[in-house]
Each structure stands twice: as C-alpha cells, then as structure tokens.
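Presented below is the structure to which this report refers.
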Amino acid sequence: MPVFGTAPQWVLDANGVPIADALVLSHPEQVDRLRAACPEAAPTAALAGDPCFDRMLAARPYRERFRRALGVRAGQRLIVLSSTWNPDSLFGDGVSEGGRGGGDVLPALLPRLAREFPVDEYRFAAVLHPNIWHGHGPGQVRAWLDRARRCGLVLIDPLEGWRQALIAADAVIGDHGSVTYYAAALGTPVLLAAAPLHALDPDAPISAFMREAPRLDPGAPLREQVDQLVDRHRPLPGPAAFTTSVPGEAAVRLRALFYSMMGAAEPEWAATLEPLPLPRLEAVTVTAPLHVATRVDRPGEVSVTRWGGSPSAAGSGGGDVHIAVHEDTRDVDQLELADVILRDGLPDDPRFGSPSLWSDEVLQRYQGCSLAAFVIGPDTCVVRLRRGDLLRLVGAGVDPGACASALHALLGSWGGDVEEDVRERLARLVDDGFLVRAGGRAARVRVIPGPAHGEE
C-alpha cells in the first residue's frame, strides 16, 4: 500500500523531481523505507531526530507540576484518552473495519467512565486530533462531550497542551495515532481501544506496536483493565527505539542543516529548543450529580467514595449513599433531592455575598438539603449545617467536597441524639477534627467554627 508521507505522490512533483530539498527524518528505519518507497527522493533524506520528542524528554522533571495544573491530586491516576481523526480511530464515526457498525468506541466508553471510576481516584483528559476539532467544529465536539466534561473530563489543547498531558499521564487509552505512540515511547502504559492494522504499513514500527500492545476489552470492567495495565506495565522497547535514533540532538542537527542549506555560518551560541510551557490550571469542577458512598469506620473516621454517575452494581461496596450536587448542575431537578449542595468560588465574590450568606440561602431554598458547602480553595470549604452551624473544613490533600460529604456522614451516624449531645459532639469535632479517607489518601480535617446563624 502507498505509505503516507514517503510514497511518490507525497514527495515528488509532476515531473518526478523531489519537492523538498531536505526531508527530515528521525530514524534510519525511515530512511530505509523512503529508499524502498521512492528511491528518487532518498538523496534528500536528512537524519535529524525528533524535536517534539526531545521537548518532552527535557520536560519530564516537571511532571508533578503538569499533573497539578491538570487538577490531579496526590494518589489520583490520570488517564488520557487519545484519538486520531479517521473513521477507524477512538473518536470514530460508528463504522468499523469492513463497513459494519459499532466502531464508535469513545462515546460508548464515556458513560462507563463515570460509573466505574470514582472521581477522587481518577482524573480523565482527552487529546483529540486537530482535524477532529476542525472537521466537526469546536462547538459540536464540546456538545458531544458535554456530559463527560460535567463528570470531570478535561479537553486538552490539541496543539499546545498534549505533550504535557502525556508526561503527566499514568495511562493512555488510545488508537493508532502519533500521540498514542509518543505515550508508549515515553514509557507510559497504553491500552489500545482501536487498532486498525489494515490501515497501516505492516512493516512500519507502529504496526508492530499495534500487534504487541494490550487491547481494551469493551465488554469487561474498565477499571480492572486500567489498574492491571498500570500495575503490570512493562514498556515495549519499540516505540522509544524508533521514535528517534538521536534523542536530545534534534536542535543541534536541525540548525546545522538549515544553516548549511542557506550557506551561512551557525551562531556561536548553543542550539536549543523552547521548553514546554506550564499548562493553564484546569479546575476540577464536577457538576454532574455525585453519588457518594460513605462508611463511618469508627468515631471520627469516615471513608468516602464518589462517582460522577450512578455507580455500577459492584461500585458502592456497602455503607450509606447520599447525593451531592453542584449548584451549577444542568440536572437541576437533582438539587431538590440533594443531601449536600456544593459550590466553588472566591470567598469575597460579591455575587454570592459571602459563603455564609450563600449557604444560608441554599438551605432556605432546598429544604431537603442537610448541608451546604462553599469550596474556597483546593483544601478548604465553608459549610453550613441544617441546624444553622457555620464551619470551616480544612483537609490537605483531599477534595473539600469529599470532606463535606464525610461530615454529612458523621452527622447522620449520630442518629436522633438530643440537641445537647449534638452540641457536645460538634465541640469535640472542633477540638479533634476528623479523619477522611478518599481517593486512596487519608487526611485529618480541621474543623474551625464560624459565626452562629444570624450573627454573620
């Protein structure tokens, strides 16, 4: 089959003359394939490495910064969904090999991600090929992925942010696109959800990778597959070996090539590549209703597991279940059913008056709500109880929304205690705090009393 990028129709003009003065390649294997596919263009081959991959290699020390920028907390696993742009890709058009339906993998996976992966343990990001955005339009792409975004999926800039996302990732679910191959070259665990071998050159390194890499089984539990992928991962040697034969040398080799073509002397200073920039901060705001399973392990200790959709039958694992809903949810009917109502923002935002005023208004508006929580920082929220108490919860490393749900569970475990007992128990919480287990982490939450109801 014609090889994209090296077949004669790609590299020769109508007269059979090479279009380019120099065709930059990253590995001798590519030179050999160019020579086999189009001998006339072989003299233009210039082995100069891969500047894109070199930038990623240089940025690896900043992995934790990239993870924090994407809203990944310590203990969370970041899973990147990667799709190229043709019908056989992860983000395909519903037509599988042979013209049969059922090839539209990603839309079928997205609802299951919400049901099977607790939001405090996993973070999801999607890297879609620029042609997907261009072909369908940004509005349509965001509309298709709207529900997933409300469950916490972040869409990565396809031009500027995907390299940082790959460095930050714990695993990639992908297809035959270059982003998936780069992930494997970095040593990141890769699970293939689409692998159309019929569309690839059988002798190309990408084909060998597609044959060897583990495949996603869409009929099996997803979380188990992802966890096994990460825990049992052994990098395949092919992607790293074939991405570039001269890692770290692209800047030097490219500059030497360009100046030689101009017939000019190179500058005295070293040839360098622009470092990958720190991505913008992606706030983690799940506005889909959260199904929260809680278990009071012992007095003052609560385990919390939250899902951005109704969890699978095996998901809740016992314990009590309540609903926590962000005030900005599109599922507005769920606010009437919510036990905990959440919001995030700046504490001095005049639109809400203050966390105290906002929480008072919420509890008056939604009589079935037991607790309102205004998240004012990555580790802090202000909560108001139905009985009127205003408290500040500070728990380093655990999402403040999970802390609010833990407090709701503690209050529920007290049962029908009389008012005096409740006051005493709240006083002990102020003195001792309580322990929350969420997202594979445990944090001691400090409880700081606020002004009494009516005094703020």
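The values are calculated or read from the model by the stated rules, or taken from the named source; none is laboratory data. Predicted model only: the values in this text are computed from it and were never measured. Please note: Cβ atoms are built from the backbone with ideal geometry, for glycine as well, and neighbour counts cover all protein chains shown. Areas reflect the complete protein model, heavy atoms only, side chains present, ligands, DNA and RNA absent. Shrake-Rupley method; radii C 1.70, N 1.55, O 1.52, S 1.80 Å.
Please enumerate the residues belonging to region 290-308 that are open to solvent by less than 80 Å² (accessible area, probe 1.4 Å) and not in a strand (DSSP E or B). Show your work before the answer.
Going through region 290-308, the residues open to solvent by less than 80 Å² (accessible area, probe 1.4 Å) turn out to be 290-294, 296-297, 300-308.
Passing the criteria: Gly300, Gly308.
Quickly run through region 249-267 and pick out the residues that are open to solvent by 70 Å² or more (accessible area, probe 1.4 Å) and not in a loop (DSSP other than H, G, I, E, B).
Val252, Arg253, Phe258, Ser260, Met261, Met262
Conditions tested, residue by residue: (1) open to solvent by less than 20 Å² (accessible area, probe 1.4 Å); (2) among the small types (Gly, Ala, Ser); (3) closer than 20 Å to His198 by Cβ.
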site	(1), (2), (3)
Ala22	no, yes, no
Arg60	no, no, no
Ile79	yes, no, no
Ser89	yes, yes, yes
Asp104	no, no, yes
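Yes or no: Arg73 at pLDDT 95 or above and not aliphatic (A, V, I, L, M)?
When the stated conditions are applied, Arg73 does not pass them.
Residue check, Gly5 against (1) at pLDDT 95 or above; (2) open to solvent by 20 Å² or more (accessible area, probe 1.4 Å), all met but one. Which one?
(1)
I need every pair where a residue in region 273-289 that is without any contact (Cβ under 8 Å) to a residue 60 or more places away in the chain and surrounded by 13 or more Cβ atoms within 10 Å (Cβ to Cβ) has its Cβ under 6 Å from the Cβ of a residue that is of a type outside the set (Phe, Trp, Tyr) and in a loop (DSSP other than H, G, I, E, B), sequence separation at least 6 or different chains.
Close Cβ pairs (under 6 Å, with a partner that is of a type outside the set (Phe, Trp, Tyr) and in a loop (DSSP other than H, G, I, E, B)) amount to Pro289/Asp331.
With the checklist (1) in a loop (DSSP other than H, G, I, E, B); (2) without any contact (Cβ under 8 Å) to a residue 24 or more places away in the chain; (3) of a type outside the set (Phe, Trp, Tyr); (4) open to solvent by less than 50 Å² (accessible area, probe 1.4 Å) in hand, flag the one item Val246 doesn't pass.
All conditions pass for Val246, except number (2).
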